[in-house]
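A short write-up of the structure that comes next.
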Amino acid sequence: LNGRLSLTSAVFRTEKVNARTRNANSDPFVLAGRHRVQGIEAGISGAITSRWTALAAYAFMDSSIAESENASEEGMNLTLTPENTFSVWTTFELPRNVTVGGGAQYMDAVFRNTTNTTRVPGYWLANALVSYRVNDLLTLRLNGQNLADKQYVDRVGGGHNIPGPRRQVLLNADFGF
């Protein structure tokens, strides 16, 4: 399409040997486990018109604990590894040096323990932007993130969930020289 479209894809399989594992919570960790993640990733980006651009990406990951000192972990999903992720973003250039854009991202639920009994819910986030190019050296940009003010878990660590940022509105000035 005259260089206006880019397609990407990947098929992958990664194995980690000597992964940390232990038989019981009171036992010390040993380097005797094996983890596997395999999947696909695909993306598309490009200029739909001279003023309208878009991109989308999707990944599917099948993870498992292939070997462990704890037999109840074998065959379970890896912790904090989503099965599906998806993102989409688009921008459109309006007259008078104004650009608007918006998009969404999705992350599937993840397990927070190796026996897959505790799950962190998946989530969707919506984001948007408006920018104004004042001149060749200055652009003002207003970004809105997590527009629906979704409460979600961004990270898990130390036995607790770390919430993701609530709704944010950021004003940026980009200076060139």
Self-check item: Amide H partners (placed H, <5 Å) of N70, local residues excluded
Solution: R22
Self-check item: Solvent-accessible area per residue, Å², over the chain with all protein chains present [probe radius 1.4 Å]
Solution: 64 Å²
Quiz item: Dipole of the chain (Lys/Arg Cβ +1, Asp/Glu Cβ -1, origin at the Cα centre): which of G122, A10, L140 lies farthest to the positive side?
Solution: L140
Quiz prompt | Rg over Rh, two decimals, segment 11-82 (C-alpha only, Kirkwood Rh) | solution = 1.28
Quiz item: In debye to the nearest 20, how big a dipole does segment 54-177 give about its Cα centre with +1 on each Lys and Arg Cβ and -1 on each Asp and Glu Cβ?
Solution: 760 debye
Practice problem: Summarise the accessible area of segment 19-177 (1.4 Å probe, protein heavy atoms) by the percent that is carbon and sulfur. | Solution: 56 percent
Practice problem: Mind putting together the pair-distance distribution for the chain? All Cα pairs, 10 Å bins, whole percent per bin, short to long. | Solution: 9, 25, 28, 20, 12, 6, 1
Quiz item: Distance from the Cα centre of segment 105-140 to that of segment 1-65, in angstrom?
Solution: 17 Å
Quiz item: Which loop trypsin sites (Lys or Arg not before Pro) in segment 49-137, with loop taken from DSSP, have no more than 16 other Cβ atoms within 10 angstrom of their Cβ?
Solution: R51, R96
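The values are calculated or read from the model by the stated rules, or taken from the named source; none is laboratory data. Bear in mind that the values here come from a model prediction, so they are computed numbers and not experimental data. Counting neighbours? That spans all protein chains shown, and the Cβs are built from the backbone with ideal geometry, glycine included. Areas reflect the complete protein model, heavy atoms only, side chains present, ligands, DNA and RNA absent. Shrake-Rupley method; radii C 1.70, N 1.55, O 1.52, S 1.80 Å.
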